[in-house]
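In what follows, a structure is listed as structure tokens, so that the remarks can point back to it.
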Amino acid sequence: MTLGSDQLNSGAEPAKEPLHIKKPEWLKTPIPTGETFFNIKRDLRERKLYTVCEEAKCPNISGCWSTNTATFMVLGDTCTRGCRFCNVKTGDPQGWLDEGEPNQVAESAALMKLKYVVITMVDRDDLPDGGASHVARVIQRVRELNPGIIVELLAGDFKGSDEALKVVLAAKPEVYAHNVETIERLSPRVRDARAQYRQSLSSLKKVKQFANYDVFTKSAIMLGLGEDEDEVKVALKDLREVGVEFVTLGQYMRPSNKHLSIKRFAHPEEFKRLEVFAQSIGFLSVASAPLVRSSYKANEFYQKAIEAKRRSPSDGIG
């Protein structure tokens, strides 16, 4: 399944290591603060609305909300896949859809006065189009109630369906994100068997082929699952070869003893080296640090890329 790397799933390998491994100092986070954060949280609770930012206990929540950015998950709370890092519920929704969801997400974005919204999704292999048409309706309704808002879609792979991809691209999200999550060698162990590394790369490549407008593509990689630094560099090169412009790298954090164990805590210096490398091979925007998650500084990524394109319009993007 392709959600933010901070949203972690069920049904995985039994733990052989203790669940509570002592975190290094660089992974300790402050409690969210700020008037904007608390005002938004109060307003959402009054309307019984929730964001992925809260549900996933994202360490960057107050920073994103203070810049009018937030993430919403659509297509329900049950994923048809069982990736071994993810804490989203796995099951068979049997075709269920909340027809009111597009309006609810749009109203939530308006309530929060969002300038930038990230819409992510569970994989819905039980639906003929993987949920593509529903996702497109969400994007369209968000735009109707929030003129000028920038939309980033963090999508699944839709089982590699070209038609489903074309449906969501018709809604014209400014950023199309799909996470490879890990290096190719570890992908079969980390992700559901239906979420294949090469299929993910193919989906990202096809975005550029099918879109009839300028769209940025984005992906994310988690560290700490057993990869080495050189393997991460290969994955970064793979992403650039299919035209991906934005990338985030962060530390994998184990959600329960049913999930994949943390093999190591990557040091901040390694994240910095990978950031420099990613920039050197042409990524327009890179966020690489232990606490970085898929939607980290999403609006800043977008604005930085727009400025880069404005400075060098003849170079093109991707």
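If you take just the helices (runs of 4 or more DSSP H) that sit entirely in region 218-318, which of them hold at least 1 residues that are at pLDDT 90 or above and β-branched (Val, Ile, Thr)?
229-241, 268-280
In this structure, does residue 206 turn out to be under 17 Å from residue 290 (Cα atoms), out of contact with any Pro (no Cβ under 6 Å at 6 or more places or on another chain) and either assigned to a helix (DSSP H, G or I) or at pLDDT below 95 (or both)?
So residue 206 fails the test.
More than 21 Å from residue 23 (Cα to Cα), among the hydrophobic types (A, V, I, L, M, F, W, C), buried (at least 21 other Cβ atoms within 10 Å of the Cβ) and touching a strand residue (DSSP E or B) at 6+ places or on another chain (Cβ under 8 Å): is that true of residue 247 in this structure? So that I can check it myself, show each step before the final result.
Working: more than 21 Å from residue 23 (Cα to Cα): yes; among the hydrophobic types (A, V, I, L, M, F, W, C): yes; buried (at least 21 other Cβ atoms within 10 Å of the Cβ): yes; touching a strand residue (DSSP E or B) at 6+ places or on another chain (Cβ under 8 Å): yes.
Yes, satisfied.
The values are calculated or read from the model by the stated rules, or taken from the named source; none is laboratory data. Note that the structure is predicted; figures quoted are calculated from it, not measured. Methodologically, a virtual Cβ is constructed for each residue, glycine included, from the backbone with ideal geometry; neighbour enumeration extends over all protein chains shown.
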